[in-house]
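Worksheet: one structure, shown below.
What follows is calculated from the coordinates using simple rules that are stated; it is not laboratory data. Everything numeric in this text was worked out from a predicted model, so none of it was measured. So basically every Cβ, Gly included, is an ideal-geometry build from the backbone, and we count neighbours across all protein chains shown.
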Amino acid sequence: MKPNKNCRRILGIDPGLADTGWGILDDSAGKIQYIAHGTIKTKADVPRAKRLCFILHSIRLIIEKYKPAEAAIETLYFGRNVTSAIPVAEARGVISACLAENGIPLCELTPNAIKKGVTGVAGAGKKQVQEMVRLILALEEIPKPDHAADALGAAICLLNIVSPVTFEKKAKNPKR
C-alpha cells in the first residue's frame, strides 16, 4: 500500500514490550489522512528475547506493507518505576534498529511534546489527547487500544511540528 508521489507517509509508534501501538498517516498538501492503526501484542509468559524478535518482525511487516517515509516514536518516560522502563527501552531499541535498517528517519518525541503537538497543551490528559486524535483524523470513535491512539498522536505531532526539509537535514546530520 504505497502512498502517491505527492504524499508524506508517517509511521507513529508508542513502544512497549507487552503492547506496541502503531499508526499510519498520510499528509498530502497539508491534509492529514488516516490510513491504519493497531498494536503489536506479546505475551508475558514468552521469553523476553522472543518477544523482542516478534516486535522486530511485526515492525518489518508494517514497513513492508505501508512503506512509510518517516517515523515518530515516543521517548522513554521513567515515571516512578525505572524497572518497567527497561523492557520499553529494549522494545524502542529493536524498533529503532528496524527503522534504521530500512532507511527510515526517526524523530523521537517526548510525551509532553506529543501532547502539545496534538492538543496545544503539554499537560493535557490522556483522554484529551485521544479525543483530539479522533477529531483531527475525523474518526467516528477514539482509536483503540490506547497505545494505538498514542502512536497516531506521535504521527500527528511529527506532521504538525516538523517540516520535511528540516527533518531530513536533522536525520542526515543528527549532531545538530
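Magnitude of the charge dipole for the chain, about its Cα centre and with charges confined to Cβ atoms of Lys, Arg (+1) and Asp, Glu (-1), is about 380 debye.
Sort 53, 98 so the one with the fewest other Cβ atoms within 10 Å of its own Cβ comes first. Numbers along the way, then the final one.
Values: 53 14, 98 20.
If I rank by nearby Cβ atoms, fewest first, I get 53, 98.
Normalised by the number of residues in the range 80-148, the mean separation of alpha-carbon contacts (under 8 Å, six or more apart) gives a relative contact order of 14 percent. If the chain linking residue 101 and residue 46 were pulled fully straight, counting 0.36 nm for each residue of separation and taking away their Cα-Cα distance, it would gain 17.2 nm.
If the cut-off is 15 Å between C-alpha atoms, which aspartates and glutamates fall inside it for residue 50, apart from same-chain ones fewer than 8 positions away? Correct list for residue 50: 19, 90.
Sparsely packed loop sites in the range 108-154 (the GluC sites (Glu not before Pro) outside DSSP H, G, I, E and B with at most 11 other Cβ atoms within 10 Å) comprise 140, 141.
Relative to the compact globular guide of 2.2 N^0.38 Å, what is the alpha carbon radius of gyration of the range 1-80, as a ratio?
Working: Rg = 14.3 Å, N = 80, 2.2 N^0.38 = 11.6 Å.
After normalising by residue count via 2.2 N^0.38 Å, the value is 1.23.
Peptides 38-44, 149-155 ordered by packing proxy, namely the average of other Cβ atoms within 10 Å per residue, highest first: 149-155, 38-44.
When you restrict to C-alpha pairs under 8 Å that are six or more residues apart and normalise by the size of the chain, the relative contact order lands at 28 percent. Hydrophobic, long helices, defined as DSSP H runs whose alpha-carbon span along the helix axis is 18 Å or greater and whose mean Kyte-Doolittle value is at least -0.5, occur in the chain at 48-66, 82-101, 146-161.
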